Amino acid sequence: MTLQIRIIAPDKIVWDAKAEEIILPSSTGQLGILTDHIPLLTALDIGVTRVRINKEWKPIILLGGFAEINNNIVTILVNGAETISEINLDEAKTNLEEATNLVAQAKTNKEKIEAIQVLRKAKAKVQAANVLNN
């Protein structure tokens, strides 16, 4: 059996396909979903979800949202998402360093919140690059 996975952002359907497994970046840690999983509703953090199709992992960067699992259907509603087919690990690491510096330099609460969002996205890109390179 397989899971039907749909990832929906406000402006488009990012993913709509069958898969054997998905690992979600839930707010309480990574959450693996296989077929016949019990019904579940969970909040998602900014991070990488990994979808396994034909024994190959595909990373997708999620920018927070919610996931519902019911009857082998995984519906993911996100603030934004980015599919990754290839990513330069060195560039991703450079962006991570720059984002870390932004957080250190932030002075106001608004600047800190925005810098932390940029940092979390940069971390997700490095994680996605590591998935692709393994």
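The values are calculated or read from the model by the stated rules, or taken from the named source; none is laboratory data. Quantities reported herein were computed from a predicted structural model and do not represent experimental measurements. Here the Cβ is made from the backbone with ideal geometry for all residues, glycine too, and neighbour counts use every protein chain on show.
A few comments on the model shown:
- Any hit, segment 79-91, residues being at pLDDT 90 or above and among the hydrophobic types (A, V, I, L, M, F, W, C): no
- Residue check for LYS110: surrounded by fewer than 16 Cβ atoms within 10 Å (Cβ to Cβ) and either on the phi > 0 side of the Ramachandran plot or without any contact (Cβ under 8 Å) to a residue 24 or more places away in the chain (or both): yes
- Single unsatisfied condition, GLY64 versus (1) of a type outside the set (S, T, N, Q); (2) on the phi < 0 side of the Ramachandran plot; (3) assigned to a strand (DSSP E or B): (2)
- THR49 among the β-branched types (Val, Ile, Thr), touching a strand residue (DSSP E or B) at 6+ places or on another chain (Cβ under 9 Å) and over 22 Å from ASN130 (Cα atoms): no
- If the condition is being of a type in the set (Lys, Arg) and in contact (Cβ under 8 Å) with a residue 24 or more places away in the chain, then segment 1-23 contributes ARG6, LYS18.
- For ALA104, the criteria (1) assigned to a strand (DSSP E or B); (2) among the hydrophobic types (A, V, I, L, M, F, W, C); (3) surrounded by fewer than 17 Cβ atoms within 10 Å (Cβ to Cβ) hold in every case but one, which is (1).
- Among (1) polar (S, T, N, Q); (2) more than 12 Å from the chain's Cα centre (by Cα); (3) farther than 22 Å from THR35 by Cβ - the single one ASN72 does not satisfy: (3)
- Some residue of segment 80-92 being part of a helix (DSSP H, G or I), out of contact with any Ser or Thr (no Cβ under 6 Å at 6 or more places or on another chain), free of Cβ contacts under 8 Å to residues at least 24 places away in the same chain and not aliphatic (A, V, I, L, M): yes
- Of the residues making up segment 96-129, those that are farther than 12 Å from GLY47 by Cα and either among the charged types (D, E, K, R) or assigned by TED's automatic domain parsing to the domain that holds LEU44 (or both) are GLU97, GLU98, LYS107, LYS110, GLU111, LYS112, GLU114.
- Residue among THR100, THR42 that is of a type in the set (Ser, Thr, Tyr) and touching a strand residue (DSSP E or B) at 6+ places or on another chain (Cβ under 8 Å): THR42
- Residues in segment 44-59 that are in a strand (DSSP E or B) and exposed (fewer than 13 other Cβ atoms within 10 Å of the Cβ): GLU56 only.
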